[in-house]
1. Taking only C-alpha pairs under 8 Å that are 6+ residues apart, what is the relative contact order of the chain in percent?
2. Ignoring ligands and nucleic acids, what accessible area does ASP50 show with a 1.4 Å probe (Å², nearest 10)?
3. Which parts of segment 188-202 would a label at ASP147 reach, counting a residue when its backbone N lies under 19 Å from a point 7 Å out along Cα-to-Cβ?
4. Take each of the peptides 318-329, 357-368, average the number of other beta-carbon atoms within 10 Å over its residues, and list them starting from the highest.
5. Could you derive backbone 3J(HN,Hα) for segment 360-370 from the dihedral phi with the Karplus parameters 6.51, -1.76 and 1.60 (θ = phi - 60°), listing whole Hz in sequence and x where the residue is Gly or Pro?
6. Place a point 7 Å from the Cα of ALA58 along the Cα-to-Cβ direction; which residues of segment 82-112 have their backbone N under 17 Å from it?
7. Residues of segment 176-258: accessible area per residue at 1.4 Å, in Å²?
8. By a straight-distance test (C-alpha under 13 Å), which aspartates and glutamates pair with LYS54 as possible cross-link partners, with residues fewer than eight away in the same chain excluded?
Amino acid sequence: MGFQPNDKTKELTAQVQAFMKEHIYPREKEYDAWVENQENLWVYPPWWDDLTAKAREAGIWNWFLPEEYGEWSPGLTNLEFAPIMEEMSRVPWAQAVFNCSAPDRGNMEVLAKYGTTEQQEQWLKPLLAGEIRSAYAMTEPQVASSDATNMELKIERDGDHYVLNGRKWWITGAMGPKCKVLLTMGLSNPDAARHSQHSTILVPRDTPGLKIVRPLKAFGDYHSPGGEAELLYEDVRVPVSNLILGEGRGFEIAQGRLGPGRFQYAMGFVGMAQRALELMCARADARVAFGEKLMAKTSVQHEIARSRCEIEQCRLLVLQAADTMDREGLSGSRDLVSMVKIVGPQMAENVINRAIQIHGGMGVSEDTPLASWLSLARFCRIADGPDEVHMSQLAKLTARGFAAA
């Protein structure tokens, strides 16, 4: 099945390409130097707000919400947005410049889909405006958090409030200065059916009792300015009105959050890998070893060919997932969503690893973004749910489909 971009996608992709060329690529090394400087931890570069203002002025803003979200959406289908997301992801931090980055992307989807008018007014609108950022607090250190029904943080009703007690970790964005609210998942109805025991509630970042235990390093990197954190909830009180959708609906929300964000996530790895391939080819053409260019060596040619095949295969798989989601919704595309989650980061890790090898010493240095991309791809094979969990889910869906047939 082929997926050719329509005129709207071509026009918008060209707009993003022009913005990246003028504003993002020239800042790439400057951004890396800034975030790697420990004196700048949890602080955005001084030019960041100006850059996001330029993106918003150019109209490249919040394009991730598909047309089913009505007034909150710019009107793009998932299939139309997919190639645009690939372009934005050629520099991973550029997604945030366009207000299209995780975890805000998924949190805005939740609030747009499930939030009350009050919740949307207080939190969704500032998030859509880029005035604040958010976090999604699910993972816990003491349980296998790849199973969302394991969550142990307690959410207990006390009059007009809920009281939260527990611990979370690997909470992306929680260290960032703009993080103002956390969508927190916890155990609220322990006696209910397994998938109806948990709830999701909005916890403002400045709520008394919510404490940062420590920032966490991933492969030695703090991922500043957003970062990841371990958090402690000690008698954290929030109003009943902060509950999203209702008691016992947390697992449903967690599953609903894994729709468009899943394929957008995978398309991000396609963009990163595509750029790694381009860097690989440029290096192979420019470098001479043992009397000939690297490009003339059969082993290098094969690495480039494998990378091209894997990128194209993943790209087409993601486009099929996006197209199926547009036509059949999340329920009809669940198997494809599992596939892109498995394939995306692994494909990127493979391609980037080859690019590093062909670059030699330069590949592991700060002179290219390859080393940081490799770390990110490997990290995401755990951070967004272990590969094994998604493969088990896909196997069950596959076997069930054959049994039904």
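1. Result for the chain is 14 percent.
2. ASP50 exposes around 80 Å² with every protein chain in place.
3. Flagged as within label range: 188-199.
4. 318-329, 357-368
5. So the Karplus estimates, Gly and Pro as x, are x, x, 4, x, 9, 9, 7, 6, 10, x, 4 Hz.
6. Under cut-off, by backbone N: 83-101.
7. 40 Å²
8. GLU22
The values are calculated or read from the model by the stated rules, or taken from the named source; none is laboratory data. Computed from a prediction, not measured in an experiment: that's the story for all the values here. In this analysis, Cβ positions are derived from the backbone assuming ideal geometry, glycine residues included, and neighbour counts consider all displayed protein chains. Note: areas computed on protein heavy atoms with side chains; ligands, DNA, RNA excluded. Shrake-Rupley method; radii C 1.70, N 1.55, O 1.52, S 1.80 Å.
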